Amino acid sequence: MGVFDRLPPMDHMRSEKMCFVQLIMPAESSRLAVTYLGELGLLQFKDLNEDKSPFQRIFVNQVKRCAEMSRKLRFFSDQINRAGVRSSVRPALEPDIDLEELEARLGEHEHELLEMNTNSDKLQQTYNELLEFKLVLSKAGGILASSHNHAASAERELDENIDDNGVDEGNAYLLEQGVHQRAHGNSGVRFVSGIILKSKALAFERMLFRATRGNMLFNQASAGEPVTDPISGEEVEKTVFVVFFSGEQAKAKILKICDSFGASCYPVPEEMVKQRQIFNEVSARLSDLEVTLDAGIQHRNKALESIGSQLWRWTIMVKKEKAVYDTLNMLNFDVTKKCLVGEGWCPIFAKSQIKDCLQRATLHSNSQVGTIFHEMDTIESPPTYFRTDKFTNAFQEIVDAYGVARYQEANPAVYSVVTFPFLFAVMFGDWGHGICLLLGALVLIVREKRLSSQKLSSFMELAFGGRYVILLMAIFSIYCGLIYNEFFSVPFHIFGKSAYECRDKSCSDAHTIGLIKVRDPYPFGVDPSWRGSRSELPFLNSLKMKMSILMGVAQMNLGIVLSYFDARFHGNALDIRYQFIPQMIFLNSLFGYLALLILIKWCTGSQADLYHVMIYMFLDPAGDLGENQLFWGQKELQILLLLLALVAVPWMLFPKPFILKKLHKERFQGHTYRFLGTSEMDPDSEPDSARARHDDFNFSEVFVHQMIHSIEFVLGAVSNTASYLRLWALSLAHSELSTVFYEKLLLLAWGYDNLIVKLGGLIVFAFATAFILLMMETLSAFLHALRLHWVEFMNKFYHGDGYKFKPFSFALLADDED
């Protein structure tokens, strides 16, 4: 194993080495020190006040001030969005201001805006009320004019037919009484005019009729256009009404009903001259209010533009201050109450940078005492931190979606950069479709600077984040498509002539008469002559099925080998002897042997039935192989491999739990027990110490866990190998679906002489290719490749029960929301 020791370390194979540090900062320089650490973004603070509520912490008042300023900034942003004012992306250059000055300025701006909004709302409400009044004057005046005409005609009829008993004693009675009352100079019939929601008009009329017992006349006229309601400010359909009545009691009832229905009542004089006079006055006031409102809106928009030019800068400043005080609330005062003590995790490579930040903070704050920064021993598991770039970040996110790696655990993302897009391409292989994916990925990559600064939809954001994953999937799809020799399901003679020709030079249908081999095999990929032949499907099925098994066995072996390197890195000899070795033996005794038989059959051209070989390897190990024998000594090798597989199962199950029990007893008795930490630590007083953990050892739990793990591996070896057959199934499905679209849409339409039919077939073929093959099939192959990595590959070595390194960093504030 000395060869492995001489290999150079892989940067992304293991997470960064971390150390637990303690900071003792003077109170006068603590804020500046935390600010500089936030700009650096390489220190994760530990909350030393978990038992305290947010209101019991040291800097609760400063956090409240920042939260109040954040509320004001959100108010400004909301006002800017409502007004439709464009805020500048690049803020205007202004001298730096401190937090107190910013707080005072935000308060002034808020007071000014609130005052302007209040005045604007009052003016707008008055404007809407005058609009309603004008509408009521217009509609109610017409109703009153028609009622006067009706009353005059009724008076003439009354004089002519004074002895006639056919007079209607219904609604005309009120108008008749009004005529006589006016003739005698007394006040008889009165009226109330106003406006009400159209949806309430019918119920309003019924209520008036019941309240007055029918002693009223209700007239209404539609407003004709939506009216802005003075109270709610919404545009609604309304109806103008005029209610004629008699008596003070009826008036009081009608006014109460109007108030309960939300109707607005406006006084309308009976004389036409006064109506015109009031109408002109209302119109003049409306014109003055329009000018006043426009001037107020312009003044308000200028104020919002001034705020919007600095809004982004102020927001970032307040977010940073709030984050600094939230971090300071995670620290504790020392005994003297003059220093703040903090603890946290940082990468080892960042220690020098953190020290420089602390020295600068001491210098700039004019502190007489420097910050103490030193490492501490701890039994806590460190966080996991991988340094990624824009290329590797997407692959790391795919792995982290399954589970964050333990500290210093082997990182599957290193291998997923190649294996993930390759397995995708095995299922998606078509170099025509791969070129389409490649063009889409290149567009996202070329425009990544512009797209990174824009707000994208959820789908586009997902595609943009995985642009380099799509790029590699496209490149591997082109490669596998060239192997399959499929361009939108059409084969091409790219690498030379076919190895087969028609038996008869004059034959017209070589697919039915048959082909003969006339030259060397096709140099790269599948021979184009297989396309459309009677043996195409059996040949491709056999090829892709065997290829899927080979890839599956290879990737599962890679996972088990990585478990060896993981155990070796952590010095766990038990996992190497009683987990890695029996797992390798079991998997390769069965499925590794199957992969070997496939390769031998391909190399020798044998006609042996591998199904028969594998089945009777278990049913009749000593039986005669007959025609299925591929090499000398095959039967003896099969018996040996079967015995090894049977031995490997108890090898995985029994030794490890009993050895752990023995080691636990030795440590408990003090033979090899050593305290963790310094000599000053009392192991009995530490609940999480090594002794407490050894006392919690439970043999039955360990044995059950090992039994579950062993059974899972044995059954998983079979199910995982079968799961890799999805590579064959999806590749075949993609190829056949592409063939159907090509033959039944494009070629069928192209067989007509009509240009419209040809164009229609081409459009349908393009849409089917884009939405089904390039979107749905891409998503399907992506999810299946994801499953193969998460379940079949990573479960061989990956625990994924760690936690991410989350440093205090200002760079992350832009993506956070309050």
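The values are calculated or read from the model by the stated rules, or taken from the named source; none is laboratory data. Source: prediction; values computed, not measured. Virtual Cβ from ideal backbone geometry, glycine too; neighbours counted across all protein chains shown. The area values use the complete protein model at the heavy-atom level, side chains included, leaving out ligands, DNA and RNA. Shrake-Rupley method; radii C 1.70, N 1.55, O 1.52, S 1.80 Å.
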- Message: Considering only residues that are in contact (Cβ under 8 Å) with a residue 40 or more places away in the chain and either in a loop (DSSP other than H, G, I, E, B) or open to solvent by 60 Å² or more (accessible area, probe 1.4 Å) (or both), which ones fall in segment 394-414?
- Response: Glu397, Tyr402, Gly403, Val404, Ala405, Arg406, Tyr407, Gln408, Glu409, Ala410, Asn411, Pro412
- Message: under 14 Å from Cys265 (Cβ atoms), modelled with pLDDT of 80 or more, touching a strand residue (DSSP E or B) at 6+ places or on another chain (Cβ under 9 Å) and surrounded by 15 or more Cβ atoms within 10 Å (Cβ to Cβ): is that true of Ser193 in this structure?
- Response: yes
- Item | Scope segment 212-232; condition open to solvent by 20 Å² or more (accessible area, probe 1.4 Å) and part of a strand (DSSP E or B); matching residues | Leu217, Phe218, Asn219, Gln220, Ala221, Ser222, Thr228
- Task: Among the residues of segment 737-758, count how many are more than 39 Å from the chain's Cα centre (by Cα) and among the hydrophobic types (A, V, I, L, M, F, W, C).
- Result: 7
- Query: Would you say Ser365 is open to solvent by 80 Å² or more (accessible area, probe 1.4 Å) and small (Gly, Ala, Ser)?
  - Reply: no
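To keep it simple, each residue is scored yes or no on (1) hydrophobic (A, V, I, L, M, F, W, C); (2) within 30 Å of Glu409 (Cβ to Cβ).
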| residue | (1), (2) |
| --- | --- |
| Gln706 | no, yes |
| Ser710 | no, yes |
| His734 | no, no |
| Ile763 | yes, no |
| Met776 | yes, no |
| Phe782 | yes, yes |
| Asp801 | no, yes |
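Residues of segment 754-763 being in contact with a Leu (Cβ under 7 Å, 6 or more places away or on another chain) and either surrounded by 16 or more Cβ atoms within 10 Å (Cβ to Cβ) or of a type in the set (Val, Ile, Thr) (or both), which ones? Write out each step before concluding.
Within segment 754-763, the subset in contact with a Leu (Cβ under 7 Å, 6 or more places away or on another chain) is 761-762.
Across segment 754-763, the qualifying residue is only Gly761.
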- Failed item in (1) more than 15 Å from Ala140 (Cα to Cα); (2) in contact with a strand residue (DSSP E or B) (Cβ under 7 Å, 6 or more places away or on another chain); (3) open to solvent by 40 Å² or more (accessible area, probe 1.4 Å), with His299 passing the rest: (2)
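Given the options Leu587, Leu610, Leu597, name the one that is open to solvent by less than 40 Å² (accessible area, probe 1.4 Å) and within 42 Å of the chain's Cα centre (by Cα). Break it down into steps so the answer makes sense when it comes.
On the way: Leu610 fails: within 42 Å of the chain's Cα centre (by Cα); Leu597 fails: within 42 Å of the chain's Cα centre (by Cα).
Every option except Leu587 fails the conditions.
Considering Gly802, Gly751, which residue is in contact with a strand residue (DSSP E or B) (Cβ under 7 Å, 6 or more places away or on another chain) and either of a type in the set (Gly, Ala, Ser) or modelled with pLDDT under 90 (or both)?
Details: Gly751 fails: in contact with a strand residue (DSSP E or B) (Cβ under 7 Å, 6 or more places away or on another chain).
After applying the criteria, what remains is Gly802.
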- When only residues in segment 39-82 that are touching a Phe, Trp or Tyr at 6+ places or on another chain (Cβ under 8 Å) and not in a helix (DSSP H, G or I) count, which is modelled with the lowest pLDDT? Ile58
- Cβ-Cβ under 8 Å pairs, at least 6 apart or on other chains, segment 601-617 side under 16 Å from Gly633 (Cβ atoms), far side open to solvent by 90 Å² or more (accessible area, probe 1.4 Å) and part of a helix (DSSP H, G or I): Ala608/Glu627
- Task: Please verify whether segment 715-736 includes one or more residues that are free of Cβ contacts under 8 Å to residues at least 60 places away in the same chain, buried (at least 20 other Cβ atoms within 10 Å of the Cβ) and over 23 Å from the mean Cα position of the chain (by Cα).
- Result: no
- Note on the structure: Only one of (1) over 30 Å from Lys796 (Cα atoms); (2) under 21 Å from the mean Cα position of the chain (by Cα); (3) of a type outside the set (Ser, Thr, Tyr) does not apply to Val399, and that is (1)
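Looking only at residues in segment 48-76 that are of a type in the set (A, V, I, L, M) and open to solvent by 40 Å² or more (accessible area, probe 1.4 Å), which one is nearest to Leu304 (Cα to Cα)?
Taking segment 48-76 and keeping what is of a type in the set (A, V, I, L, M), we get 48, 58, 60, 63, 67, 69, 73.
If we keep only those that are open to solvent by 40 Å² or more (accessible area, probe 1.4 Å) too, we end up with 48, 58, 67.
Details: Leu48: 42, Ile58: 36, Ala67: 21 Å.
Step by step, filter segment 48-76, then rank; the result is Ala67.
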- Query: Could you give every pair whose Cβ atoms fall below 6 Å, whose first residue belongs to segment 557-570 and is buried (at least 19 other Cβ atoms within 10 Å of the Cβ), and whose second residue is assigned to a helix (DSSP H, G or I) and of a type in the set (Phe, Trp, Tyr), counting only separations of at least 6 or pairs across chains?
  - Reply: Gly559/Phe793; Ser563/Phe580; Tyr564/Phe580
- So, first residue surrounded by fewer than 16 Cβ atoms within 10 Å (Cβ to Cβ) in segment 110-126, second residue not in a helix (DSSP H, G or I), Cβ within less than 6 Å, six or more apart or across chains; the pairs are Gln125/Pro230
- Pairs under 7 Å by beta carbon, first residue farther than 30 Å from Val227 by Cβ in segment 181-196, partner at pLDDT 85 or above, six or more apart or different chains? Gly188/Ser246
- Would you please name the residue that is nearest to Phe55 (Cα to Cα), looking only at residues in segment 312-346 that are in a strand (DSSP E or B) and open to solvent by 10 Å² or more (accessible area, probe 1.4 Å)? Asn332
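What residue, of Leu482, Leu442, Leu456, is at pLDDT 90 or above, open to solvent by 20 Å² or more (accessible area, probe 1.4 Å) and under 22 Å from Phe391 (Cα atoms)?
On the way: Leu482 fails: under 22 Å from Phe391 (Cα atoms); Leu456 fails: at pLDDT 90 or above.
On inspection, the qualifying residue turns out to be Leu442.
Every residue, every condition in (1) part of a helix (DSSP H, G or I); (2) aromatic (Phe, Trp, Tyr); (3) surrounded by fewer than 12 Cβ atoms within 10 Å (Cβ to Cβ); (4) outside the structural domain of Ile354 (by the TED database), yes or no:
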position	(1), (2), (3), (4)
Ser738	yes, no, no, yes
Phe741	yes, yes, no, yes
Leu745	yes, no, no, yes
Ala749	yes, no, no, yes
Tyr752	no, yes, no, yes
Phe765	yes, yes, no, yes
Phe771	yes, yes, yes, yes
Phe782	yes, yes, no, yes
Lys806	no, no, no, yes
- Query: Identify, please: which residue in segment 217-237 is in contact (Cβ under 8 Å) with a residue 60 or more places away in the chain and farther than 18 Å from Val189 by Cβ and is, among those, farthest from the chain's Cα centre (by Cα)?
  - Reply: Ala221
- Within segment 229-242, is even one residue modelled with pLDDT of 85 or more, more than 16 Å from Val136 (Cα to Cα) and of a type in the set (A, V, I, L, M)? no
- Message: Every residue in segment 233-258 that is open to solvent by 70 Å² or more (accessible area, probe 1.4 Å) and in a loop (DSSP other than H, G, I, E, B), please.
- Response: Glu234, Glu237
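Restricted to segment 485-505, and to residues that are at positive phi and surrounded by 16 or more Cβ atoms within 10 Å (Cβ to Cβ), which residue is nearest to the chain's Cα centre (by Cα)? Give the steps one after another, and end with the answer.
To start, the set of residues in segment 485-505 that are at positive phi comprises 485, 488-489, 496.
Subsequent filtering for residues that are surrounded by 16 or more Cβ atoms within 10 Å (Cβ to Cβ) retains 485, 488-489.
Numbers: Asn485: 37, Phe488: 33, Ser489: 35 Å.
Once the filter is applied, the top-ranked residue is Phe488.
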- Message: Checking Glu100 against (1) surrounded by fewer than 15 Cβ atoms within 10 Å (Cβ to Cβ); (2) farther than 30 Å from Phe333 by Cβ: exactly one of these is not met. Which one?
- Response: (2)
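Could you check how many residues of segment 738-771 are among the hydrophobic types (A, V, I, L, M, F, W, C) and out of contact with any helix residue (DSSP H, G or I) (no Cβ under 7 Å at 6 or more places or on another chain)? Quick ask: steps written out before the conclusion?
Filtering segment 738-771 for residues among the hydrophobic types (A, V, I, L, M, F, W, C) gives 740-741, 745-750, 755-757, 759, 762-768, 770-771.
If we keep only those that are out of contact with any helix residue (DSSP H, G or I) (no Cβ under 7 Å at 6 or more places or on another chain) as well, we get 740, 747, 755-756, 759, 763, 766-767, 770-771.
Number satisfying all stated conditions: 10.
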